[in-house]
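Here the structure is laid out as structure tokens; the discussion comes afterwards.
The values are calculated or read from the model by the stated rules, or taken from the named source; none is laboratory data. As the structure is a computational prediction, the values presented were derived from the model and not from experiment. Cβ placement follows ideal geometry from the backbone for every residue including glycine, while neighbour counts extend to all protein chains displayed. Protein only, heavy atoms only, side chains kept; ligands, DNA and RNA dropped before computing areas. Shrake-Rupley method; radii C 1.70, N 1.55, O 1.52, S 1.80 Å.
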Amino acid sequence: MNEIKIIEHIWIEMSDGVRLSAKIWLPVNANNEPVPAILEFIPYRKRDAYALRDHANHAWMAAHGYACIRPDMRGHGDSEGIMLDEYSPREQQDSVEVIEWLAKQKWCSGNVGMMGLSWGGIASMQAAIKNPPALKAIIPVGASLDRYYDDGGYLMGGYPGQGLGWGGVMFGYCIRPPDPEIVGSSWRDMWFERLEKTPMFAEKWLSHQLRDETWVQGSVCENFDNIKVPVLGVSGWNDCWPNTMIRLLENINAPCQVVSGAWAHVYPNLGGPGPMIGFLQLALEWWDHWLKGIDNEVMNKPAFIAFLQDSHSPDPNPSERPGRWVGETGSPTKNVLTKRLNLAPGALLETKCEAESFVNIFSPLRIGLKTGEYMPISGPAELPQDQSADDALSVCFDYEQLTEPLDLLGTTLLYLRASSDCSCGLIAARLCDVAPDGTSTLISYGILNLKQRNGREALAEVTPGESMDVVIRLNDVGWSLKPQHKVRLALSSQLWPMAWPLAERATIKLDIAHCYLDLPVRKANADGEIKTPFGPPLAADPPVHEIVLPPEASRQIHNDIEKGEIVYEIKVDGGKTKFEATSLTYGSKNSQKYTIIEGDPLSACIEYQSSFSFLREDWDIKTQSKLVATCDASSFILKGHIAGFENDKQVFVRNWDVKIPRRVF
């Protein structure tokens with residue numbers, strides 16, 4: 001273990017003159033014995049909002065012989081400039097320039113690795129595509145590959161209410177002030193520039209409803225061949241982006257290993273669902289091999305290490321999940337075969353249904369409230385609840401009760417021959433594990449807007465009554481069903497608030513004789529089980545801080561039977577934390593509210609609010625943001641609001657009120 005020192009702030013000047021503020025953890029002797037550098041590049045504020053998480057990982061890694069650096073992206077934290085969109089070309093150029101700067105520092109050996117969760121994981125892959133010479137390896141965690149298909153704007157063909165809310169979150173993040181202790185007297189000018197110039201991100205995203213150049217730009221899947229450096233991918237089946245790991249294995253030509261656990265959108269040493277793992281030890285082995293040239297046989301591990309979650313009762317909290325680890329040489333693997341199950345009235349059969357049979361899907365708008373958060377982050381009740389209530393409102397097809405375990409590992413595809421009685425239509429498919437007592441646990445799901453059945457780049461007209469052959473890809477999964485359990489396919493024409501309701505309530509008609517489900521079944525006799533593939537979860541001790549106000553959260557569903565109104569409300573008080581090193585008390589709150597009136601798809605409404613506070617003896621700042629999204633038959637309507645307060649006095653306010661035509665959704 002190395003003794004470390006922390007540099008709270010250093011300026012890194014970009015080629016356009018904008019300076020980024022960075023924090024560095026490094027071994028104390030690095031000036032005399034240079035070490036490789038590890039970069040995490042995100043916009044989430046290094047001195048307050050993410051100070052504890054950053055320190056947990058980077059201080060540990062620095063103590064094990066690496067210089068770790070955390071710049072704030074431009075327009076965030078203490079960095080100069082303005083963020084006008086996520087993953088912009090300028091942002092990607094900034095990451096390359098930071099890597100080049102790192103390689104020139106006297107405490108750096110010249111070798112740089114890049115890692116990060118979510119935005120940071122995406123940034124690491126975007127940097128790898130640019131191929132800066134000093135970048136030698138990356139570790140993307142919980143990251144997406146396609147900005148349209150599965151990022152914060154869209155979700156597998158349905159515009160998500162929760163994804164739309166990300167636009168409300170983003171402009172709230174961007175208007176937070178820099179710290180005068182870092183930037184000096186210019187802090188107020190920088191803050192007001194952010195307040196005045198930050199866009200309402202949801203307006204731009206919703207204006208591009210097809211996968212056009214806005215979404216292609218920055219999508220890693222467009223440039224797989226450009227990634228030449230070794231990639232260690234890490235993600236969880238309960239994350240919003242569980243598909244990335246298999247896609248990396250199938251598309252990256254450079255050395256590639258991936259790990260899929262049970263986790264949500266978290267570092268797997270810091271959050272659940274469990275089992276949590278020794279992520280930092282895993283990363284250290286990767287860095288030692290690729291950045292220090294140590295022959296530690298890291299590449300002798302299986303290319304794909306996956307956790308198969310055993311059947312368990314539905315639990316929306318990030319508890320420990322039962323299961324086992326298995327190793328595969330890659331993807332596709334000879335251990336996983338496609339098991340085809342044909343749809344029949346109420347059933348999934350191994351034999352094809354020869355009799356002509358049709359079924360109509362016409363779902364209540366309230367279906368989906370038990371599906372869980374789009375992006376769960378190990379908070380209370382964020383994960384899916386018992387699906388049986390939604391199953392009862394869906395069209396379900398059950399496979400026979402199992403007599404032996406059934407392991408699933410990979411991608412599930414659903415093939416349907418369908419028609420709509422309208423010029424639109426949406427199909428949501430949920431794959432569930434049904435226990436003998438009737439409880440239904442969500443395994444995976446997928447959504448398809450019928451207008452996008454031929455791809456996301458162009459609209460395909462839906463002619464009422466005309467049959468269409470469509471394919472729905474469900475999220476990748478690692479699961480093991482117990483004997484006496486059943487596989488259930490539940491189909492609905494709504495999934496609120498995961499998918500925004502279409503303007504018309506379509507009835508979807510299925511020609512069952514031409515519908516089937518392809519499951520990725522892992523052979524019962526396959527070897528490769530790994531008893532303990534990882535060490536225990538470790539992290540550095542936190543910096544000195546005081547919890548002034550503990551965090552708390554609540555989730556409630558209000559059902560007004562008379563009005564037919566259903567309100568799903570989530571409130572999270574992040575509490576307040578005082579950091580000794582900066583004498584700063586940081587606080588945060590946010591809320592989500594989803595409202596819909598049964599029978600009226602045009603009643604859909606989401607409301608996102610957030611507030612942040614920054615308090616020091618001589619400094620008292622608060623920010624507020626709000627986004628309300630509604631619709632009529634032809635438009636989405638966005639109302640945005642931001643405000644800044646100094647010493648409890650409002651010093652800035654800005655409002656948006658825009659209409660955006662509905663083209664797809």
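Once neighbouring chains are kept in place and the probe is 1.4 Å, which whole percent of the accessible area of the chain is contributed by carbon and sulfur?
Details: 11660 of 24090 Å².
With neighbouring chains kept in place, the figure for the chain is 48 percent.
Show me the three semi-axes of the equivalent ellipsoid for segment 185-236, from the C-alpha gyration tensor (sqrt of 5 times each eigenvalue), largest first, rounded to whole Å.
Values: eigenvalues 212, 83, 24 Å².
The equivalent ellipsoid of segment 185-236 has semi-axes of 33, 20, 11 Å.
Once Rh for segment 326-410 is found with the Kirkwood sum over Cα pairs, what is the Stokes-Einstein diffusion coefficient at 37 °C and 0.692 mPa s, in µm²/s? If you can, show how the numbers build up before the last one.
Numbers: Rh = 16.6 Å.
It diffuses with D of about 198 µm²/s by this estimate.
Pop a pseudo-label 7 angstrom from the Cα along the beta-carbon direction at both Ala254 and Thr507 and give the gap in nm to one decimal.
Here the answer is 5.4 nm between the modelled labels.
Rank by packing, highest mean first: peptides 555-563, 657-665, 634-642, with packing defined as the count of other Cβ atoms within 10 Å averaged across residues. Don't skip to the end; give the middle numbers.
Details: 555-563: 10.7, 657-665: 15.2, 634-642: 18.2.
In descending order of packing, they fall as 634-642, 657-665, 555-563.
What net charge do the residues around Leu502 carry, taking every other residue with its C-beta under 11 Å from that of Leu502, with Lys and Arg at +1 and Asp and Glu at -1? If you can, show how the numbers build up before the last one.
On the way: positive: Lys451, Arg505, Arg662; negative: Glu504.
Computed value for this residue: +2.
What is the projected area of the convex hull of the Cα atoms of segment 45-181, averaged over all directions, in nm²? All intermediate terms of the calculation are to be shown ahead of the outcome.
Values: hull surface 36.6 nm².
Over all viewing directions, segment 45-181 projects a mean Cα-hull area of 9.1 nm².
Could you sort 64-70, 465-471, 380-386 so that the peptide with the highest average Cβ count within 10 Å comes first and the rest follow in order?
Numbers: 64-70: 25.0, 465-471: 13.6, 380-386: 19.1.
The peptides rank, most packed first, as 64-70, 380-386, 465-471.
Zone of Ala381 (label point 7 Å along Cα→Cβ, backbone N under 15 Å): which residues in segment 553-580?
553-559, 567-573, by backbone N distance to the label point.
So if R0 is 22 Å, what FRET efficiency would Gln93 and Asp212 give, r being the distance between their Cβ atoms, rounded to the nearest 0.05? Could you put the intermediate results ahead of the total?
Working: r = 22 Å, r/R0 = 1.00.
In this case the efficiency is close to 0.50.
How far, in nm, would the chain grow between Ala633 and Leu538 when pulled straight, counting 0.36 nm per residue and subtracting the alpha carbon separation?
Values: separation 95, 0.36 × 95 = 34.20 nm, distance 5.21 nm.
This chain segment gains 29.0 nm when fully extended.
Normalise the Cα radius of gyration of segment 458-512 by 2.2 N^0.38 Å (N = residues in it) and let me know the number. Show your work: numbers first, answer last.
Numbers: Rg = 15.5 Å, N = 55, 2.2 N^0.38 = 10.1 Å.
Ratio of Cα Rg to 2.2 N^0.38 Å: 1.53.
Viscosity 1.567 mPa s, temperature 4 °C: what is the translational diffusion coefficient of segment 468-605 from Stokes-Einstein with a Kirkwood Rh over Cα pairs, rounded to a whole number of µm²/s? Don't skip to the end; give the middle numbers.
Values: Rh = 21.5 Å.
After rounding, the answer is 60 µm²/s.
Mind listing P(r) for the chain? All alpha-carbon pairs, 20 Å bins, whole percents.
Taking all Cα pairs of the chain, the binned fractions are 18, 53, 27, 2 percent.
Send over a whole-number figure in Å² for the accessible area per residue of segment 57-204, probe 1.4 Å. Numbers along the way, then the final one.
Details: 3330 Å² over 148 residues.
Normalised by residue count, the accessible surface of segment 57-204 is 22 Å².
Could you order peptides 242-251, 125-134 by the average number of other Cβ atoms within 10 Å of their residues, highest first? Walk me through the numbers before you get to the answer.
Numbers: 242-251: 22.0, 125-134: 19.8.
Ranking, from highest mean packing down: 242-251, 125-134.
Sort out for me the Cα centre separation of segment 459-491 from segment 157-219, rounded to whole Å.
Taking the Cα centre of segment 157-219 as reference, the centre of segment 459-491 is 34 Å away.
Out of every Cα pair in segment 117-251, what percent are spaced more than 22 Å from each other? Present the calculation step by step, with values, prior to reporting the outcome.
Values: 4358 of 9045 pairs.
Percentage above 22 Å: 48.
About its Cα centre, what dipole magnitude does the chain give when the only charges are +1 on Lys and Arg Cβ and -1 on Asp and Glu Cβ, stated in debye to the nearest 20?
Numbers: 63 positive and 84 negative charges, 84 e Å.
Magnitude of the dipole: close to 400 debye.
Quick check: pseudo-label points 7 Å beyond the Cα along Cα→Cβ at Glu196 and Lys649, how many nm apart are they?
Using points 7 Å along Cα→Cβ, the separation is 2.0 nm.
Exceeding 29 Å between C-alpha atoms, which entries from my cross-link table qualify? They are Lys370/Lys509; Lys197/Lys622; Lys352/Lys486; Lys23/Lys531; Lys46/Lys106; Lys334/Lys482. Intermediate results must be reported in sequence, preceding the final value.
Values: Lys370/Lys509 25 Å; Lys197/Lys622 18 Å; Lys352/Lys486 19 Å; Lys23/Lys531 38 Å; Lys46/Lys106 23 Å; Lys334/Lys482 23 Å.
Going by Cα-Cα distance, Lys23/Lys531 fall outside the 29 Å limit.
In vacuum, with every alpha carbon of segment 364-480 counted as one equal point scatterer, what does the Debye formula give for log10 I(q)/I(0) at q = 0.14, 0.17, 0.20, 0.23 Å⁻¹? Two decimals, please.
Rounded to two decimals, the profile gives -0.71, -1.01, -1.25, -1.42.
Once amide H atoms are built 1.01 Å from N in the peptide plane, which residues 5 or more positions from Gly65, or in another chain, come under 5 Å H to H?
Those lying under 5 Å, H to H, from Gly65 are Asn2.
For n ≥ 4 DSSP H runs only, could you compute -39500 (n - 2.57) per run for the chain, divide by its residues and tell me the 222 nm figure to the nearest 500? It would help to have the intermediate numbers written out before the result.
Values: 11 runs with 107 residues, N = 665.
After summing the helix terms and dividing by the residues of the chain, the value is -4500 deg cm²/dmol.
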